[in-house]
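Since the structure comes first, as structure tokens, the remarks are kept for the end.
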Amino acid sequence: MQQNSKIIDLLWIPVGIASFFVFSSRFSPLLNSDDAINILMIKDLRFPQDLYAWGQDRGGSLIPSLGWPLNHIAGLSVLWSESLIHYLILFVGYWCLSRFFKSGVSKLIFAIAWFFPPYWFWSLSRFPFGIQYSLTGLALYILWVRKPVNSSGFKQLLPIFLATLVLATSLWVSDLNVTSIVALLLISLYSLKSRGLSFRQVLMMPAFKLIVITSALGIAFLLYAKVHAVETISYNHGILNNFSQIFESLAGLLSSVWHIITFQRETILFSVFGILAIILIALSLLWRPALNRVQKRTCLFFVLDSAILLMTILFSHWAYSNGVSRRYFTGIYIGITIIILIVMENNSGKRRIILQAIAVTAVLIGGISYIHYLKTVYPKTLKPMASVMGEFSRLGEIGVIGEYWNSYITACPDPYQITAIPHDSSFSRSQMLVDEVFTKPKLYVIKDMWLNEFPDSMYQYGYKLKRMGASFEIGNCVVNEYEKVTEKRDFYPKDLIFLDHHALFDSISSRTVVIADSSCRECREKHLIYGPGISLVKGKYQVLFFLRFDQIRPGNDLAILDITAGHGQIQLARSVINARDVTGGRNQCFPLNFENPVMSDHVEFRLFFLGNSSITFDHISLR
């Protein structure tokens, strides 16, 4: 009997390994460009700017940091490095959380629920949700299972220090883990109050002082990481929903539940799982057994965590703007699963048998529903996405531009050969990759989800690209080679913004020019022209202003030329034209050289008229 129990206790290992060969980054058919960030960062990890995922101030780079040695020292590929570290953390998380169960059956059921979740909660095997709750499980294990009973001194303080450190790490990994931290604080405060300790006594406790000091260090680290994060506009959202948005989120949640129990979801299996889960919740409420101190505290923790998480989802504008995605409910799925299993194993007789039978059926159907969804709904294959994208490796050392979801994922199989970025109208996370793409010997454009047809030429990140040859299919994508063309770009008044009523048609040059007279008061000390608001990649440039001055007042400054980025917020170059620099009555070219240190958006070339002459603007040339 004892031998059978030990065998059941170890069955989670093959379950976890099987999950690795289906859902890890190396083998997942759902690997996408968001997942790819953790993989690609392993190659080019830099601190402090990479303490968070590229392009955002959330999602700490724990996996790239731990995966870096496997790639740069052990020589594993970035894909394998991320996959192994990711699943190692999931294994640790499972092991810690499973310590709250007494029976091998409960541990096995939890293993299936953890490593083969229903497809609605597939994010459990992805970043950051599974990692977040793995770290939370580790902290709870240290505090409530591993910590010696009635310990004092160093033996008491060490687990508290380690658990606080782990929770700070979990908050770095995911801001959403604040719900678990709040739940744990509430339980701790209740425990202190039940012991009859006064506020002063709590403040004088060595454990409290250690928590405060460790938490302060953790908060300082998080603030440091956020200050140095390279954040993009795509992640600047409001914080809280208004009442109508809260109601809309709640209505959407209730509608989803209704669709599940009425078999209106993508697969009938998930509806069966949903109904069984509701039955389990109802029976767990009805058959509440007596629990030991640790299990009672564990159940209370996950009840509070799930409740706070639900409120956070409903009130969060970030969750609302993402359609209240089902991935946000992964924590609730974990919490309810753990509570049901604790209730189940503390029941006895027929009740326990009934609960075990329903739970086993539910997790098996839930796990199968995930595989069934992949095979029949999306992507209708179990072939690893990394293998599909691996076909691009046949093209050699290349740069790739595509729609966001076809970009970073393309480079995952071999980022040392392939650099991929989204097109410049999409969400670009890393300027470093943008610069790198245009240094590659060959450049390819992916049409899918972006272009209807491949144009003969296009501009991307300030570069003109010319189509080369015919399109072809590779990696389930339609692609075409393009080459970077070095060219002069001219901007005429029609391409720029200029003062009203100052554009005239010049019959000599047969084009429109912009003119301001020395007697024009409304023109004085204003930008006569500015624009065009283009994007420029990192590099050295020369801008030529083609102007003519007449009616010059000797010794005076006539105009100011400057180049700015970011809607005029960043000045890249500036030059003052003085009367001694010009020859009246002649068309002249005024060069302005500058170096653009990084990829810049909304670049403008501006002419500020000072009014000490008449001026005619013809055009601007960028080289």
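The values are calculated or read from the model by the stated rules, or taken from the named source; none is laboratory data. Note that the structure is predicted; figures quoted are calculated from it, not measured. Heads up, the Cβs are rebuilt from the backbone with ideal geometry, glycines too, and the neighbour counts pull from every protein chain shown. Ligands, DNA and RNA are excluded from the accessible area calculation, which covers all protein heavy atoms including side chains. Shrake-Rupley method; radii C 1.70, N 1.55, O 1.52, S 1.80 Å.
Odds and ends about this structure:
- The residue that is surrounded by the fewest Cβ atoms within 10 Å (Cβ to Cβ), among those in the stretch 30-71 that are charged (D, E, K, R) and within 21 Å of Asn177 (Cβ to Cβ), is Asp34.
- A search for C-beta distances below 8 Å between a residue of the stretch 51-76 that is touching a residue at least 40 places away in the same chain (Cβ under 8 Å) and any residue that is open to solvent by 20 Å² or more (accessible area, probe 1.4 Å) and among the acidic types (Asp, Glu), counting only pairs 6+ apart in sequence or on different chains, returns Gly55/Glu231; Gln56/Glu231; Asp57/Glu231; Arg58/Asp175.
- Any hit, the stretch 338-347, residues being under 35 Å from the mean Cα position of the chain (by Cα), under 25 Å from Gly137 (Cα atoms), touching a residue at least 12 places away in the same chain (Cβ under 8 Å) and open to solvent by 60 Å² or more (accessible area, probe 1.4 Å): no
- When Ser191 is tested against the conditions (1) of a type in the set (Gly, Ala, Ser); (2) in contact with a helix residue (DSSP H, G or I) (Cβ under 6 Å, 6 or more places away or on another chain); (3) surrounded by fewer than 12 Cβ atoms within 10 Å (Cβ to Cβ), the lone failure is (2).
- Test: Leu79 is in contact with a Pro (Cβ under 7 Å, 6 or more places away or on another chain) and assigned to a helix (DSSP H, G or I): yes
- When the stretch 260-296 is filtered for residues that are buried (at least 19 other Cβ atoms within 10 Å of the Cβ), part of a helix (DSSP H, G or I) and charged (D, E, K, R), nothing remains.
Yes or no, residue by residue, for (1) part of a strand (DSSP E or B); (2) modelled with pLDDT under 85:
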site: Asp490; (1), (2): yes, no
site: Leu504; (1), (2): yes, yes
site: Ser519; (1), (2): no, yes
site: Glu522; (1), (2): no, yes
site: His527; (1), (2): yes, no
site: Ile534; (1), (2): yes, no
site: Phe546; (1), (2): yes, no
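- Of Arg352, Arg327, all but one fail to be of a type in the set (Lys, Arg), without any contact (Cβ under 8 Å) to a residue 24 or more places away in the chain, touching a helix residue (DSSP H, G or I) at 6+ places or on another chain (Cβ under 7 Å) and assigned to a helix (DSSP H, G or I); the exception is Arg352.
- Hits in the stretch 547-590 (condition: among the aliphatic types (A, V, I, L, M), more than 47 Å from the chain's Cα centre (by Cα) and open to solvent by 40 Å² or more (accessible area, probe 1.4 Å)): Ile552
- Within the set Ile275, Ile260, Ile281, Ile246, the sole residue that is of a type outside the set (Phe, Trp, Tyr) and farther than 29 Å from Phe100 by Cβ turns out to be Ile246.
- Some residue of the stretch 299-307 being open to solvent by 20 Å² or more (accessible area, probe 1.4 Å), under 30 Å from Lys375 (Cα atoms), within 33 Å of the chain's Cα centre (by Cα) and modelled with pLDDT of 90 or more: no
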